[in-house]
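Encoded as structure tokens, the structure appears first; notes follow it.
The values are calculated or read from the model by the stated rules, or taken from the named source; none is laboratory data. None of the values given here were measured: they were computed from a predicted structure. For neighbour counting, all protein chains shown are included, and Cβ atoms are generated from backbone atoms with ideal geometry for every residue, glycine included.
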Amino acid sequence: MTNPTTSEIVARCQELYEDLNFTTAREWKAAEAGRKVIGYLPVYIPREIIHAAGMLPLGIMGGGDNLEVIHGDAYYQSYICRIPRSTVELGVTGRLDFVDGMLFPSICDVIRNLSGMWKMLFPEVYSKYFDVPQTYQDEIGGTFYMGEMNEFRADLEKISGRKITDEALRNSIEVYNENRQLVNELYTLRAQKPWLAPASEAYLVVRAGLVLPVEEHSVLLRQYIDAAQSESRPIKDNSRVVVTGMFCEQPPLNLIKSLELSGCFVVDDDFMLVSRWLIGDVPLEGDPIYNLSQAFLHHSMSTAAKYEPNEEEKGQFLVRAVKETGAEGVIFASTSFCDPALLDRPMLQNVLKAAGIPFIAFKYAENSGQMQPIREQAGTFVDSIKLWSAA
Amino acid sequence: MRKPLLKASPADVEKDASMIKQKQMMTAHYDRLTNAKENGDKVASTFVPGNLNELLMCFDLVNNLPEVNAIQSGLRKQSGAYIMEAERAGHSEDVCTYVKSDIGMMMKGNIGPNGKKLPDPDVLLLSYTGCFTFLKWFELLREQYKCPTIFLQTPYVADGKVTPNMIQYMVKQLKENVIPVLEEVSGVKFDIDRLREYLGKSAKAEDDLVYILQSGKHVRSPIDAYFGGIYYIGPIFGAFRGTDDAIDYYRFLRDEVDDRMLKGLGPVTPDGPMGEEKYRLVVEGPPNYTSFRQFWKMFYEEGATVVASSYTKVGGTYDYGFRHDPDRPLETLAEYCLGVYTNRSLPSRIDMLSDYINEYQADGLLINSIKSCNSFSAGQLLIMREVEKRTGKPAAFIETDLVDPRYFSAANVKNRLESYFQMVEQKRSGAGAAA
């Protein structure tokens, strides 16, 4: 069997991305009696527990720019971001009618309140606000988080009617460890040779992991990385940038393409953080819930939705990302009305200023259609980077 | 018997005697705050929801509440300039205006309502309760003040019930993270009996607060539980919970309310005693502060009294039975934080508002949706529909902001209110015709 080409893989991923009926997940569920699907919103949930329950974790990243929001707008004022309204639209139009549960991670007040709205709108569906600790000591935040995860584990056992054993959890941790390694390998390839794995392609390939069974996604990642490395593509004279602020409501694909067209190599980002949230492998020995808790507390990504207890560390993750990827600047791209990203932004910008790293900022929505201003802004940024570099 | 009404400055504003008393308390507090450094007092900044005043008092710390400072700036019409200042410095137009007012005020010299400079805090007690913005707000302040920052996370009560895991988590944080740093900053050793004493005092004042807020159940309410309510909650939500001053104030206020009830009088408005009570409303959401008096006038001129509000529960849902319990000092602080209105799930909020409409015999629900407060605002349109469906009473929606004058459109708000009152009338006449 020959390995598919990058364009074949990307075409398949694009189909998955555009399918707002989640056909693949529906088919997965229909293939065997008793299968369950659990939806989740950004930023992070321990998908390992859902997998260990024999269920399919399904990432819901809003409706993107292909969904016409009609009902969802009736639930939200104009000054609230778009992801909750398009998620409600997906729900009330029946696109999520096969989903057996919905998880609303602790990220901001809008998603938090959406958890309660979901209970009102879909009382027959299991829905849970998934709380995580913002204190990172083992005995305090760790114990609380283990309690929350065990409660969730018990809820899933009730839904599935079967016990989630430690052995099953260890197996799921191993499967997700492998998946994260592959996602990280793809990110490394993109950072080293961004012309071989453009951000717009890498985005689609990683995003496919939100709807596919993890094992299938790992195969797809392997295929894409191998294909990308074996294909020859022209090297462009682009500037390397890190984009940040896109951890919840996702940018339209055109926005990522526009950044590339305007001369950017996106060498790091915070899209779909769930795929990379835990840094390194979660150990397989010992109590799996404890191990997941430890990984969350001590080896997880930084983002605006988290509290940073150490002031010295504030924003350093961006400085490190710039150094590690050889980036020449940072683009702050935040969703309009996004409290976490927009409140965090001035602090992160101060850190970059101190580190002498250039940056620009703009806002977007998942259905932003006008890319010309973004192209112009990003293009000017790239030009100025080149000028500074020359100086 | 105390005289219920006093003339206060400015000359055309009428105030209850209790309002005057409260003003004296607030003045004394701001004087203590602004003189803290000279007097050797240490200052802790913290938030209204999740305010642990009793605990701070155990360490002789003076409580500074940036939210209240922003409200004061709003009432004094200074917040607009502060917000612009913060936006010029790079803060987004989309985020909480309390934060920007506070930061703008800091950039302009941090002058408090008494005209004196507010001291830099010695410690930031980041009580992360019911509002995501708090988390970032104090990260922003920490960047400026470079002082110790204590983090206390209150888990969100998403399923309507407080679990042992939540309580244990909070108590551990109090023991391991909060109290040791407060001891270090203040140099005062923690004395749990001192905390018990303050908690006992809190409970006494809380009893009277509940009596006052529930007086709105009387048909011809002696209070306005939204605009007047802002004054009623001031001391207990601020720096006075756990003090003798708070006990005295709420006893005094209770007498005043009793007196009005006996005489069949309504609330006191800035233009004097309220006329006929034509409409009884429940209001959800915070008020606008930059045009507070004008906003209130739109209600009392039409004979609308707010008999219950959710905003007066952001610093504690005492009317649902919670009292600080000196016998369980740390657990009770945890339960207090967990129970505040903005930490309650959307279904719980709907239950509360529907109960208020029924128990307070209200004509309907009015939602004042605040542009920059997602904690309150996200989901309010569903709340409106659901409460309407459950109670059969009309609901309406207006939009303003906390302290950003750019988002208060008087004509718009007035139009909507007038339409709403007409809707209430129609509903009444429809009900009358059906009977």
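Only one of (1) in a loop (DSSP other than H, G, I, E, B); (2) more than 8 Å from chain A (Cβ to nearest Cβ); (3) touching a residue at least 60 places away in the same chain (Cβ under 8 Å) fails for B:Pro155. Which number is that?
(2)
Among the residues of the stretch A:128-144, what is the count of those that are part of a helix (DSSP H, G or I) and at the interface with chain B (Cβ under 9 Å from one of its Cβ atoms)?
Of the residues in that region, 5 qualify.
From the list B:Ile350, B:Ile367, B:Ile383, exactly one residue is in contact with an Asp or Glu (Cβ under 8 Å, 6 or more places away or on another chain), at pLDDT 95 or above, within 11 Å of chain A (Cβ to nearest Cβ) and closer than 20 Å to B:Glu301 by Cα. Which is it?
From the options B:Ile350, B:Ile367, B:Ile383, the qualifying one is B:Ile367.
Do we find that A:Thr325 is within 13 Å of another protein chain (Cβ to nearest Cβ) and among the β-branched types (Val, Ile, Thr) in this structure?
Taking the combined requirement at face value, the residue does not satisfy it.
Take the residues in the stretch A:60-84 that are in a loop (DSSP other than H, G, I, E, B), surrounded by 23 or more Cβ atoms within 10 Å (Cβ to Cβ) and not hydrophobic (A, V, I, L, M, F, W, C), then tell me which one is farthest from the other protein chains (Cβ to nearest Cβ).
Among them, the one singled out is A:Gly63.
Please indicate, with yes or no, whether at least one residue in the stretch B:87-103 is at pLDDT 95 or above, among the charged types (D, E, K, R) and touching a Lys or Arg at 6+ places or on another chain (Cβ under 6 Å).
No, the stretch B:87-103 contains no residue that is at pLDDT 95 or above, among the charged types (D, E, K, R) and touching a Lys or Arg at 6+ places or on another chain (Cβ under 6 Å).
Can you tell me how many residues in the stretch B:370-391 are small (Gly, Ala, Ser) and either part of a loop (DSSP other than H, G, I, E, B) or surrounded by fewer than 23 Cβ atoms within 10 Å (Cβ to Cβ) (or both)?
3
How many residues, within the stretch A:145-178, are out of contact with any Pro (no Cβ under 7 Å at 6 or more places or on another chain) and assigned to a helix (DSSP H, G or I)?
23
Considering only residues that are of a type in the set (Val, Ile, Thr) and more than 21 Å from the chain's Cα centre (by Cα), look in the stretch A:89-112 and name the one that is nearest to the other protein chains (Cβ to nearest Cβ).
A:Val92
Which of the residues that make up the stretch B:315-368 are among the β-branched types (Val, Ile, Thr) and either in contact with a Pro (Cβ under 7 Å, 6 or more places away or on another chain) or not assigned by TED's automatic domain parsing to the domain that holds B:Pro394 (or both)?
B:Val340, B:Thr342
Contact list please: Cβ distance under 9 Å, first residue in the stretch B:205-232 and outside the structural domain of B:Tyr249 (by TED's automatic domain parsing), second residue part of a loop (DSSP other than H, G, I, E, B) and of a type in the set (Ser, Thr, Tyr), pairs at least six apart or on different chains.
Pairs that qualify, where the first residue is outside the structural domain of B:Tyr249 (by TED's automatic domain parsing) and the partner is part of a loop (DSSP other than H, G, I, E, B) and of a type in the set (Ser, Thr, Tyr): there are none.
Taking the stretch A:241-252, which residues are farther than 15 Å from A:Cys108 by Cα and under 14 Å from the mean Cα position of the chain (by Cα)?
Listed by number, the residues that qualify are A:Val243, A:Thr244, A:Gln250, A:Pro251, A:Pro252.
Answer yes if at least one residue in the stretch B:319-328 is in a helix (DSSP H, G or I), away from chain A (no Cβ under 14 Å) and touching a helix residue (DSSP H, G or I) at 6+ places or on another chain (Cβ under 6 Å), and no otherwise.
Checked against the condition, which is being in a helix (DSSP H, G or I), away from chain A (no Cβ under 14 Å) and touching a helix residue (DSSP H, G or I) at 6+ places or on another chain (Cβ under 6 Å), the stretch B:319-328 yields at least one hit.
Condition first: more than 8 Å from chain A (Cβ to nearest Cβ) and either of a type in the set (Phe, Trp, Tyr) or buried (at least 17 other Cβ atoms within 10 Å of the Cβ) (or both). Now tell me which residues in the stretch B:132-146 satisfy that.
B:Phe134, B:Phe138, B:Leu141, B:Tyr145
In the stretch A:346-381, what residues are under 19 Å from the mean Cα position of the chain (by Cα) and either under 16 Å from A:Phe265 (Cα atoms) or facing chain B (nearest Cβ under 10 Å) (or both)?
A:Lys363 - this is the single residue of the stretch A:346-381 that is under 19 Å from the mean Cα position of the chain (by Cα) and either under 16 Å from A:Phe265 (Cα atoms) or facing chain B (nearest Cβ under 10 Å) (or both).
Quick check on this structure: which one of B:Val43, B:Val99, B:Val95, B:Val123 is over 20 Å from the mean Cα position of the chain (by Cα), within 14 Å of another protein chain (Cβ to nearest Cβ) and hydrophobic (A, V, I, L, M, F, W, C)?
B:Val123 is the lone residue from the list that is over 20 Å from the mean Cα position of the chain (by Cα), within 14 Å of another protein chain (Cβ to nearest Cβ) and hydrophobic (A, V, I, L, M, F, W, C).
Could you list, in sequence order, all residues of the stretch B:267-298 that are outside any loop (DSSP other than H, G, I, E, B) and over 20 Å from B:Met19 (Cα atoms)?
B:Tyr279, B:Arg280, B:Leu281, B:Val282, B:Val283, B:Glu284, B:Met298 - these are the residues of the stretch B:267-298 that are outside any loop (DSSP other than H, G, I, E, B) and over 20 Å from B:Met19 (Cα atoms).
Take the conditions among the small types (Gly, Ala, Ser), in contact with a helix residue (DSSP H, G or I) (Cβ under 6 Å, 6 or more places away or on another chain) and assigned to a helix (DSSP H, G or I) and apply them to A:Ser293. Does it pass?
Yes: the conditions hold for A:Ser293.
Determine, yes or no, whether A:Ser115 is part of a helix (DSSP H, G or I) and either within 14 Å of chain B (Cβ to nearest Cβ) or touching a His at 6+ places or on another chain (Cβ under 8 Å) (or both).
yes
Outside any helix (DSSP H, G or I) and away from every other protein chain (no Cβ under 14 Å): is that true of B:Val403 in this structure?
So B:Val403 fits the description; yes.
Would you pick out the residues in the stretch A:297-319 that are within 14 Å of chain B (Cβ to nearest Cβ), within 20 Å of B:Gln153 (Cβ to Cβ) and not charged (D, E, K, R)?
Once the filter is applied, which keeps residues that are within 14 Å of chain B (Cβ to nearest Cβ), within 20 Å of B:Gln153 (Cβ to Cβ) and not charged (D, E, K, R), the stretch A:297-319 yields A:Leu297, A:Ser302, A:Thr303, A:Ala304, A:Ala305, A:Tyr307, A:Pro309, A:Asn310.
Within the stretch B:210-222, is there a residue that is more than 28 Å from B:Asn69 (Cα to Cα), within 13 Å of chain A (Cβ to nearest Cβ) and not in a loop (DSSP other than H, G, I, E, B)?
No - not one qualifying residue is present in the stretch B:210-222.
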